[in-house]
Amino acid sequence: MTDVNNLNTTIGDVSRRELRDLVRTQLRILLDAGDLQGAKAILVPVQPADIAEAIEGLPETMHALAFRLLSKDEAIEVYEYLDYSVQERLIAELKSQEVRDIVDQMSSDDRARLFDELPAKVVNHLLEQLSPTERQATALMLGYEADTAGRIMTLEFIALKDSMTVGQALERIRSLANASEMIYYLYVTDQARRLMGIVSLRELVTSQPEQTIGEVMTRDVIFVNTDTHQEEVAKLIQRYDFLAVPVVDRQQLLVGIVTVDDVIDILQEETTKDIYALGGGVQSSGDNYFQMNLLEVARKRVLWLFVLLITNTVTGTIIKSQEDILTQVVTLTAFIPLLTGTGGNVGAQSSTVVIRGMNTEEIRSLGPLQVIGREAIAGALLGGMLGTIATIWAYFLQGRFEVAIAVGVSLIAISILASVSGSALPFLFRFLRLDPALMSAPFITTAVDVLGVLIYFNLARIILRL
């Protein structure tokens, strides 16, 4: 127990990352030693999110053992923070009653997300074990399309009537607070559950008890529909600094709310997808990349690497077709990697800023032609600066002025080409309803490599008069 006492005394003195590492290390040592009471004791002062991360860092064989150390209430809370792959593994390893207790007590939106990741047979089995109320709520949410407000909303919210007094509303909040995910915003509906208005807890507390909700509520309510894409919901909450936004169906009936904690998860998920895509066509399904099976990792990454392999073959064929000029001026070969590499970097920069502008709507006021024209000018300026340096450097290395001029002029032309390609292709792929982030990187590389080499050799022929 000495290790446990030492851990508890240092918790207040370490950063969150150090704490997670310390808990994970000590937890593994105690589990290896079979000291279950000691392992259970070190988890008592630790936050659920940190416990979840500590469990994820253990070997797979220890996940279920560590999870069983938690009390029922702790287990329910920690389970929602675990990665989906770990959640699925625990469902397979825990007893049926343990699984039923955890899944039944999960919030409706987290449960729907979990069921999205599980095989249909497992989902059907779990649905049968839920209480009738939770089964109905989960079936309702699973009926909406993936990645929409209907799928990510929570059904645990407090609705009020406009005829209620402030005093009655506060009593209702007290009685339902534990069963609701959000009490800071209260939504006002009519007898048919149509959304009429919104009132904050602050407004209720500062109003007179005898006032009616209709007198203090705000009638101009910003809401989303059940089929609104989750990324649009996230942008709306981010734009207006909401803690939650109501969700209505086609009849304008209030069916749920999306809370800011879910939006943070969505933004992280969407950003991760974009970063993976920009990193060379790596497709992310939402799972933790570093916990995926290596064969699955290879399958997801090989497609675009194969495209780039074919591209390099084409580039090599072009270079081979220029043997006559290379035989006469061998030094031209030395600068091919410099030109294609620089062009690829310029194109990647342009595509990154354009795709980011699309996601944040920063370029909404600009048309595609304005954006492409702006990037073309930027490419010309970059090419001018880089081309000047490359010309001086090429002359210093090879001592031939004509070769140095060919390299510098080619770099200017390739920079303009790369900037235009990097800014135009995202617009093209969005028009074709393809993911710009996923599609742009390999095609920009293709355009810059193939066309860049052609530009270089043709300019060299003109300048060297070959």
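The values are calculated or read from the model by the stated rules, or taken from the named source; none is laboratory data. Since this is a predicted model, take the numbers as computed values, not measurements. Here Cβ is always computed from backbone atoms with ideal geometry, including for glycine, and neighbour counts include all displayed protein chains. Protein only, heavy atoms only, side chains kept; ligands, DNA and RNA dropped before computing areas. Shrake-Rupley method; radii C 1.70, N 1.55, O 1.52, S 1.80 Å.
Once label points are set 7 Å from the Cα along Cα→Cβ at both Q211 and L65, what is their separation, rounded to one decimal in nm?
6.0 nm
Report, to the nearest 10°, how far helix 120-129 tilts away from the longest principal axis of the Cα atoms in the chain, using its own Cα long axis and a range of 0 to 90°.
Its long axis makes an angle of about 20 degrees.
Once neighbouring chains are kept in place and the probe is 1.4 Å, which whole percent of the accessible area of the chain is contributed by carbon and sulfur?
Whole-percent figure for carbon plus sulfur exposure: 57.
Expressed in nm to one decimal, what extension gain is obtained for the pair T360 and K95 from 0.36 nm per residue of sequence separation less their Cα-Cα distance?
Residue separation times 0.36 nm, minus the Cα-Cα distance, leaves 90.9 nm.
Nothing charged except the Cβ atoms of Lys and Arg (+1) and of Asp and Glu (-1): what's the magnitude of the dipole of the chain about its Cα centre? Round to the nearest 20 debye.
On the way: 39 positive and 58 negative charges, 344 e Å.
Once rounded to the nearest 20, the dipole reads 1660 debye.
What order, most packed first, do the peptides 42-53, 360-371, 222-233, 253-264 have when packing is the mean number of other Cβ atoms within 10 Å of each residue? Walk me through the intermediate numbers first.
Numbers: 42-53: 19.5, 360-371: 12.4, 222-233: 17.6, 253-264: 21.1.
Per-residue Cβ counts within 10 Å, averaged per peptide and sorted highest first, yield 253-264, 42-53, 222-233, 360-371.
Calculate the spin-label point distance for Y184 paired with I462, positioning each point 7 Å from the Cα along the beta-carbon direction, and give it in nanometres.
For the pair I462/Y184, the computed spacing is 6.2 nm.
Once amide H atoms are built 1.01 Å from N in the peptide plane, which residues 5 or more positions from T148, or in another chain, come under 5 Å H to H?
Answer set, sorted by chain and number: Q230.
Which value, in debye to the nearest 20, describes the size of the charge dipole of region 356-466 about its Cα centre when Lys and Arg Cβ atoms bear +1, Asp and Glu Cβ atoms bear -1, and nothing else is charged?
The dipole magnitude comes to about 160 debye.
Starting from the 7 Å offset along Cα-to-Cβ, what nm value, one decimal, do you get for the label separation of E269 and D116?
Once both label points are built, they end up 0.3 nm from each other.
At 0.36 nm per residue, minus the direct Cα-Cα distance, what do T25 and W393 gain on full extension? Give it in nm, one decimal, please.
Here the segment from T25 to W393 would lengthen by 127.2 nm.
Taking 0.36 nm per intervening residue step and subtracting the Cα-Cα distance, what contour gain separates A334 from E203 on full extension?
Values: separation 131, 0.36 × 131 = 47.16 nm, distance 7.16 nm.
The span from A334 to E203 would gain 40.0 nm if fully extended.
Using alpha carbon centroids, what distance separates region 406-435 and region 61-117, in Å?
About 47 Å separates the Cα centre of region 406-435 from the one of region 61-117.
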